[in-house]
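Below you'll find the structure, written out as structure tokens, and then a few comments.
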Amino acid sequence: MRHGAGFASIASVTASNEELQYMVENDLIPFPYPLIIKDNNGKKGRLNFIVHDRQSAAQTLRENPDVDFIIQEFIENDGDYRFLVIGGQIKLIIHRKATSGSHLNNTSQGATADVVEQDQFSERMLADTVLAAKLEGLEVAGVDLIIDKNTGQHYI
């Protein structure tokens, strides 16, 4: 978990595919399975995998040698939240929830989506989403927030 920007983000490793394969095969990933392996430039949940062991992780990387992946700690959740931040203000929040048997909260992958009100979130959560948009220098941003269903910790 990084706090350098002032908020927590999901533990991640990014490197070349070859370097990630080496890390997986030599048990050098610094967080436990299951892991998320996803296209670093992915959209709409494409090339986004949950892997439960080292063999599956290595196979996923080998089968996609030309893809730049990011490996992330899996955060058990009840969906994620997409905050639409415009001009430093939250204008809309959508809760996205995966279908049964999937880890993908993307509506393009069958997840459901519902509008939720800001009063469902702590002041810290709201501030973190606005800060994330600001740090990226974006006037219009879709900021994703996920809440660990076991600890209550939120991540940007």
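For K97, go through the aspartates and glutamates and keep the ones whose alpha-carbon is under 14 Å away, minus same-chain ones fewer than eight residues off. Partners found: E76, D78, D80, D114, D144, D148.
Put simply, region 1-82 fits an ellipsoid with semi-axes of 20, 15, 13 Å; these come from the alpha carbon gyration tensor as the roots of five times its eigenvalues, largest first. Roughly how far apart, in whole Å, are the Cα centres of region 38-108 and region 5-36? When both Cα centres are located, 14 Å separates them.
Accessible area per residue, 1.4 Å probe, Å², for the chain: what's the number?
Working: 9010 Å² over 156 residues.
For the chain, the per-residue accessible area is 58 Å².
The alpha carbon convex hull volume per residue for region 32-74 rounds to 57 Å³.
So what's the angle, to the nearest 10 degrees on a 0 to 90 scale, between helix 123-135 and the longest Cα principal axis of the chain? That helix lies at roughly 70 degrees to the long axis. One equal scatterer on each Cα of region 70-156, no solvent, Debye formula: the resulting log10 I(q)/I(0) at q = 0.12, 0.18, 0.25 Å⁻¹ is -0.35, -0.80, -1.32.
Based on the inverse mean of 1/r over its pairs of different Cα atoms, what is the Kirkwood hydrodynamic radius of region 55-118, in Å?
Values: mean 1/r = 0.0706 Å⁻¹.
Evaluated on region 55-118, it is 14.2 Å.
Dividing the summed helix terms, -39500 (n - 2.57) for each DSSP H run of n ≥ 4, by the number of residues in the chain produces a 222 nm estimate of -6000 deg cm²/dmol to the nearest 500.
Pick out, in residue order, every one of the GluC sites (Glu not before Pro) in region 11-75 that is DSSP loop and has at most 15 other C-beta atoms within 10 Å; say none if there are none.
For GluC sites (Glu not before Pro) across region 11-75 that sit outside H, G, I, E and B with at most 15 neighbouring Cβ atoms in 10 Å, the list reads E63.
Leaving out ligands, DNA and RNA, and with a 1.4 Å probe, what % of the accessible surface on the chain is carbon or sulfur? For the chain, the apolar C and S fraction of the accessible surface comes to 47 percent.
When N counts the residues of the chain, how does its alpha-carbon radius of gyration compare numerically with 2.2 N^0.38 Å, as a ratio? Walk me through the numbers before you get to the answer.
Values: Rg = 16.1 Å, N = 156, 2.2 N^0.38 = 15.0 Å.
For the chain, the normalised Cα radius of gyration is 1.07.
The values are calculated or read from the model by the stated rules, or taken from the named source; none is laboratory data. Remember, it's a predicted structure, so these values are computed and weren't measured experimentally. No Cβ is skipped: glycine too gets one built from the backbone with ideal geometry, and neighbour counts run over all protein chains shown. SASA here: full protein model, heavy atoms, side chains in, ligands and nucleic acids out. Shrake-Rupley method; radii C 1.70, N 1.55, O 1.52, S 1.80 Å.
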